[in-house]
Amino acid sequence: MAAGSRVSRRKPPVPVRDEPRCTVTVCRGCCCGTPKILGVDSTAQLATFKAELAAVARVRAVNCLDTCEQANVIVVQPSSAGRAAGGRPVWLGLVNDPDATADIVRWVRSGGPGLADPPATLDLYEFAPSRRVRRGAER
């Protein structure tokens, strides 16, 4: 190293998570996605999200969102454009029938939070988790 050179000890900046597409988070932990929810084919639900949204959204399954009383839980996070338009993550609980899954797919295909109004039926599924739970899941 040349005399007078200084090594920067500054940490590189943490990249800002600016997802250009919606993110659909599907809980598959403690209660969601398990046989505890009778009559629900959770494997087919996740497969539907992945197949139907592959071109327009990031779909991820997570272990547990800590809102077990609302199983099955789906969180739809806005794209960067949706967030810029005022969209915020939408938590949907008790998503246990294929019609609700289809409504979520249609909404996300239309742009999702901030860019398209959700189908009115999704109002029945929306809930607000605690701040602690939200902070952990919306990263």
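Quick look at the numbers
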{"read-out": "Selection within the range 21-36 - closer than 23 Å to GLN77 by Cβ and either open to solvent by 70 Å² or more (accessible area, probe 1.4 Å) or outside any strand (DSSP E or B) (or both)", "value": "ARG21, ARG28, GLY29, CYS30, CYS31, CYS32, GLY33"}
{"read-out": "Counted residues, the range 45-64 - those being farther than 23 Å from SER79 by Cβ and without any contact (Cβ under 8 Å) to a residue 12 or more places away in the chain", "value": "0"}
{"read-out": "Pairs with Cβ under 7 Å, 6+ apart, first in the range 115-133 and under 21 Å from ARG83 (Cα atoms) and in contact (Cβ under 8 Å) with a residue 60 or more places away in the chain, second open to solvent by 70 Å² or more (accessible area, probe 1.4 Å) and not in a strand (DSSP E or B)", "value": "VAL133/ASP66"}
{"read-out": "Any hit, the range 112-135, residues being touching a Ser or Thr at 6+ places or on another chain (Cβ under 9 Å) and on the phi > 0 side of the Ramachandran plot", "value": "yes"}
{"read-out": "Residues satisfying the stated conditions in the range 81-109, i.e. over 18 Å from GLN70 (Cβ atoms) and aliphatic (A, V, I, L, M)", "value": "ALA81, ALA84, ALA85, ALA102, VAL105, VAL108"}
{"read-out": "Search result, residues across the range 44-98 that are under 24 Å from LEU115 (Cβ atoms), in a loop (DSSP other than H, G, I, E, B) and open to solvent by 40 Å² or more (accessible area, probe 1.4 Å)", "value": "ALA54, ALA55, VAL56, ALA85, GLY86, ARG88"}
{"read-out": "Single match in VAL62, VAL40, VAL76, VAL95 (criterion: in contact with a Gly (Cβ under 8 Å, 6 or more places away or on another chain) and more than 16 Å from ARG109 (Cα to Cα))", "value": "VAL62"}
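The values are calculated or read from the model by the stated rules, or taken from the named source; none is laboratory data. Since this is a predicted model, take the numbers as computed values, not measurements. With ideal geometry, Cβ positions are generated from the backbone for all residues, glycine too; neighbour counts draw on all protein chains shown. Keep in mind that these areas ignore ligands, DNA and RNA; they rest on the heavy atoms of the full protein, side chains included. Shrake-Rupley method; radii C 1.70, N 1.55, O 1.52, S 1.80 Å.
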